[in-house]
Amino acid sequence: MSKHFFDYDDGDFAYTVSDNMAIDSDGNMMMRMGDNMAMDMDSGELHVISSWDDEDEDD
């Protein structure tokens, strides 16, 4: 796993811990909502991110 992406709303990086969960540099958990969107699990806010591709998607 260990993929990372940039969170444009917070201005920091997040690192994947599973297919749909990540943790950012502040220790906040993020849940994947789409290729370019994640939800902060503490606040419930949606964040625009650089890219979190689903490896299981068919092209």
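The values are calculated or read from the model by the stated rules, or taken from the named source; none is laboratory data. Bear in mind the structure is a predicted one, so any value in this text is a computation, not a measurement. Neighbour counts run over all protein chains shown; Cβ positions are idealised from the backbone, glycine included. Ligands, DNA and RNA are stripped out before the accessible areas are found, and what is left, the full protein with its side chains, is counted by its heavy atoms. Shrake-Rupley method; radii C 1.70, N 1.55, O 1.52, S 1.80 Å.
At-a-glance table
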| read-out | value |
| --- | --- |
| Exposure ranking of MET29, MET21 by accessible area [1.4 Å probe, largest first] | MET29, MET21 |
| Share of carbon and sulfur in the accessible heavy-atom surface of the chain [1.4 Å probe, %] | 47 |
| Percentage, to the nearest whole number, of Cα pairs in the chain over 20 Å apart | 12 |
| Nitroxide proxy distance, nm - points 7 Å out along Cα→Cβ at ASP54 and TYR8 | 2.1 |
